[in-house]
Amino acid sequence: AQKITQTQPGMFVQEKEAVTLDCTYDTSDQSYGLFWYKQPSSGEMIFLIYQGSYDEQNATEGRYSLNFQKARKSANLVISASQLGDSAMYFCAMREPYSGGGADGLTFGKGTHLIIQP
Amino acid sequence: ETGVTQTPRHLVMGMTNKKSLKCEQHLGHNAMYWYKQSAKKPLELMFVYNFKEQTENNSVPSRFSPECPNSSHLFLHLHTLQPEDSALYLCASSQGTREKLFFGSGTQLSVL
């Protein structure tokens, strides 16, 4: 079963509008972290924002905010005042506690392809 | 200078070739990762190294062989690959295994 689900394969948004990218996750752990990354056509994955499972307030980083609804296991990314340069793939990811004492890395969703139109 | 550098950016190889992908991080991090990104699939974690020790191997075929000589360098040695191994291979590093990952730009691999 998928641990990270992004239900929007692609989105078209008008420049300067706000955008919400959906992400739901599945875990039985109480301690976990949620991440959003942006991948432009150049290929590099760029970190955007992080939310810890015990953080009481929604994370914000400039134009990015994370709408964290723990009971719904939802961690949507909100981009305010979208710009043409926001066109890219966006990935939601989760880090769970250690298993076997090692580092597990991040588990990623399939991504949403966001296109900002002028 | 970018924090995580991968070379080459593009690689085309035949199924009988042997090649290596290189990753170098200039961030002083302790953990390094290899991910595989195929079209229309989520990123797949392949290997994790923490303080040069391999801590994760997610059932990756033996035709992929990682090497981590020090905390700043990570290699992925490739031999007798299959066409389905064609993908973008991303390297990442992090300060600790609980911190955010910093990625390189990837190597786009095509196996003919």
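The values are calculated or read from the model by the stated rules, or taken from the named source; none is laboratory data. Worth saying up front: this structure is predicted, and the values here are computed from it rather than measured. In this analysis, Cβ positions are derived from the backbone assuming ideal geometry, glycine residues included, and neighbour counts consider all displayed protein chains. The area values use the complete protein model at the heavy-atom level, side chains included, leaving out ligands, DNA and RNA. Shrake-Rupley method; radii C 1.70, N 1.55, O 1.52, S 1.80 Å.
Things worth noting here:
- Candidates A:Tyr25, A:Tyr50, A:Tyr64: the one that is more than 29 Å from B:Ala87 (Cα to Cα), within 14 Å of chain B (Cβ to nearest Cβ) and surrounded by 16 or more Cβ atoms within 10 Å (Cβ to Cβ) is A:Tyr64.
- Scanning segment B:52-90 for residues being part of a strand (DSSP E or B), open to solvent by 40 Å² or more (accessible area, probe 1.4 Å), charged (D, E, K, R) and within 14 Å of chain A (Cβ to nearest Cβ) gives a total of 1.
- Flag for A:Leu114 being under 28 Å from B:His29 (Cα atoms) and crowded, with 21+ Cβ neighbours inside 10 Å: no
- Pair list, Cβ < 6 Å and 6+ apart or interchain, from segment B:1-23 residues that are more than 20 Å from B:Tyr33 (Cβ to Cβ) to residues that are hydroxyl-bearing (Ser, Thr, Tyr): B:Val12/B:Ser110
- Enumeration of residues in segment B:73-103 that are modelled with pLDDT of 95 or more and closer than 12 Å to B:Glu24 by Cβ: B:His73, B:Leu74, B:Phe75, B:Cys91
- The set of residues in segment A:49-77 being assigned to a loop (DSSP other than H, G, I, E, B) and not basic (Lys, Arg) consists of A:Ser53, A:Tyr54, A:Asp55, A:Glu56, A:Gln57, A:Asn58, A:Ala59, A:Gly62, A:Ala71.
- Residues of segment B:97-112 that are farther than 15 Å from A:Gly43 by Cβ and open to solvent by 20 Å² or more (accessible area, probe 1.4 Å): B:Arg98, B:Glu99, B:Lys100, B:Leu112.
- Condition check for B:Glu24 on (1) assigned to a loop (DSSP other than H, G, I, E, B); (2) over 26 Å from A:Met94 (Cβ atoms): one failure, at (1).
- Within segment B:79-101, residues that are over 18 Å from B:Met46 (Cβ atoms) have Cβ atoms under 7 Å from residues that are open to solvent by 40 Å² or more (accessible area, probe 1.4 Å) in these pairs: B:Lys100/A:Phe47; B:Lys100/A:Tyr50, counting only partners at least 6 apart in sequence or on another chain.
- Those residues of segment B:1-44 which are open to solvent by less than 20 Å² (accessible area, probe 1.4 Å) and within 11 Å of the chain's Cα centre (by Cα), in sequence order: B:Gln6, B:Leu21, B:Cys23, B:Met32, B:Tyr33, B:Trp34, B:Tyr35
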